[in-house]
Amino acid sequence: MSTAWVSRYAHRAKNAGSSAIRELLKVTSKPDVISFAGGLPSADAFPVQRFQEACEKVLREQGAHALQYGTTEGYEPLRELIAANMARYGIKAHTENVMITSGSQQALDLIGKLFIARGDRVLVEAPTYLGALQAFTTYGAEYMSVPVDGDGMITEALEKPLRARPKFMYVLPNFQNPSGVTLSEGRRHQLLILADRYGIPIVEDDPYGQLRYEGEHLPPLVVIDRENLRRDNGYSIGNVIYLSTFSKTLAPGLRLGWIVAPPEVIAKLVQLKQAADLHTSTFIQYVGYEVARDGFLDRHVKAVRELYRERRDVMLAALAEFFPPEATWTRPHGGLFLWVTLPESCDSRILLQSALQEDVAFVPGDCFYATPGDGARRHMRLNFSSATPGQIREGVRRLSLALRRELVMA
Ligand SMILES: Cc1ncc(COP(=O)(O)O)c(C=O)c1O
């Protein structure tokens, strides 16, 4: 090991650690292991042929442009398509409100870079998306957490932390990763009222919003944002920065996401993105546009919903069949995950070791807490999108064996 380099790591790199869980979960690549651990979309959902045709068409008709450097903001027709798509959900963004990113993960990193100075506080849900914590922690974020219940973030518990003036709130309103819960409409309004009262902006991360399997679509925070009411000039974007991605609707290997923000914020993000990677792959943006256009995205999302709804239902049925009555779980209306709460005597990290002996894996709940959470270790996140229905049933059965063994020993 080169000590000359190791002793020179910057403070931000010292904050970034590889987790013990990641080491444990390496075994999930073994063929016999059924993994509910990753957040992977199903490979069965990838529209491979459409991609193949799109690649050929782009190279045939626009090869010279598609293989050239592009603008940092992103390929204009793709930004227009995204803006038009979001308009159907009430988000009235103009093209200049939209910047393409290399996945939403890059959006989170750029937001961290733009807003977080060392020691700044960010208000997050407990639990929340681990990748956001990784991105923000690199810039020295400290956290305040507000717990989540079956209706999403408990807005009744927000005022006290808001008085401590966090830089911003990071919120996952739809089928939250990891818990699968959705912020109720009443709480969405309450959240915006409080955000406005205390002058604290919101980053709304919405990778799963289109993957709803039941119930009515709820208005995004960026739409409810009270700034909308004040401004009628077409920029519906005020105190909320909105993020989404094609990772869960088309394919995560594309690395195509986007940020919706006021133009002045986009201008700053453009400078930071320039420093990071100049722009997201031109070729991939052309291909993504070609794939999504002419209504394909909508038709495809409908098929993906069918596929995942069935898998969710298989997992719910298997949990009801095999799990002991002391365990409870969420019933997500969309997304890729559900969240199990184990009996008080159980520790999900210990359960994971035992589950791996049964060749089944999940992520223990405490990984998703920014601050030590009450009973964090009683939870586990189960992904239902990537395994087949047969594997889901068998995996839940195996998991129940490990759980019953732990319960006997507890
Ligand atoms: C809540 C949330 N935000 C962002 C991301 C990152 O997605 P992308 O593949 O677009 O980088 C994920 C991925 O799982 C996620 O669950």
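The values are calculated or read from the model by the stated rules, or taken from the named source; none is laboratory data. Values in this document were obtained by computation on a predicted structure and should not be read as measured data. Neighbour counts are summed over all protein chains in view; Cβ atoms, including those assigned to glycine, are modelled from backbone coordinates with ideal geometry.
Taking residue 86 as meeting all but one of (1) closer than 15 Å to residue 12 by Cβ; (2) away from the ligand (no atom under 12 Å from the Cβ), write down the number of the exception.
For residue 86, the failing item is (1).
Go through region 102-117 and give me each residue that's touching a residue at least 40 places away in the same chain (Cβ under 8 Å) and more than 16 Å from the ligand (Cβ to nearest atom).
114, 115, 116
Scan region 205-224 for residues that are of a type outside the set (S, T, N, Q), within 15 Å of the ligand (Cβ to nearest atom) and touching a residue at least 40 places away in the same chain (Cβ under 8 Å) and jot them down.
Result: 205, 207, 208, 209, 211, 220, 221.
Do we have residue 133 as surrounded by fewer than 24 Cβ atoms within 10 Å (Cβ to Cβ), part of a helix (DSSP H, G or I), among the hydrophobic types (A, V, I, L, M, F, W, C) and over 14 Å from the mean Cα position of the chain (by Cα) here?
When the stated conditions are applied, residue 133 does not pass them.
For residue 146, all conditions in the list (1) under 21 Å from residue 293 (Cβ atoms); (2) away from the ligand (no atom under 15 Å from the Cβ); (3) β-branched (Val, Ile, Thr) hold save one; what is the number of the exception?
(1)
Among (1) within 16 Å of the ligand (Cβ to nearest atom); (2) farther than 27 Å from residue 202 by Cβ; (3) modelled with pLDDT under 90; (4) not basic (Lys, Arg), which single condition is residue 17 missing?
Result: residue 17 passes all but (1).
Can you confirm whether region 118-130 contains a residue that is within 24 Å of residue 276 (Cβ to Cβ), surrounded by fewer than 24 Cβ atoms within 10 Å (Cβ to Cβ) and within 15 Å of the ligand (Cβ to nearest atom)?
There is at least one residue in region 118-130 that is within 24 Å of residue 276 (Cβ to Cβ), surrounded by fewer than 24 Cβ atoms within 10 Å (Cβ to Cβ) and within 15 Å of the ligand (Cβ to nearest atom).
Could you please let me know if residue 98 is surrounded by 22 or more Cβ atoms within 10 Å (Cβ to Cβ), under 19 Å from residue 285 (Cα atoms), away from the ligand (no atom under 14 Å from the Cβ) and modelled with pLDDT of 95 or more?
So residue 98 passes the test.
Out of the residues in region 71-95 that are among the β-branched types (Val, Ile, Thr) and within 20 Å of the chain's Cα centre (by Cα), state the one that is surrounded by the fewest Cβ atoms within 10 Å (Cβ to Cβ).
91
For residues that are closer than 21 Å to residue 295 by Cα, at pLDDT 95 or above and among the β-branched types (Val, Ile, Thr), tally how many sit in region 55-94.
Qualifying residue count, region 55-94: 2.
Does residue 25 qualify as being in a helix (DSSP H, G or I), at pLDDT 95 or above, surrounded by 15 or more Cβ atoms within 10 Å (Cβ to Cβ) and not small (Gly, Ala, Ser)?
So residue 25 does not fit the description; no.
Quick one: how many residues across region 170-200 are hydrophobic (A, V, I, L, M, F, W, C), within 11 Å of the ligand (Cβ to nearest atom) and farther than 16 Å from residue 248 by Cβ?
So the count comes out to 1.
What's the total number of residues in region 30-52 that are loosely packed, with under 14 Cβ neighbours inside 10 Å and more than 21 Å from the chain's Cα centre (by Cα)?
Total satisfying the criteria: 6.
Please work out which residue is nearest to residue 217 (Cα to Cα), limiting yourself to region 154-204 and to residues that are part of a strand (DSSP E or B) and among the aliphatic types (A, V, I, L, M).
Selected residue: 171.
Please tell me if residue 106 is modelled with pLDDT of 95 or more, under 19 Å from residue 291 (Cα atoms) and assigned to a helix (DSSP H, G or I).
No: the conditions fail for residue 106.
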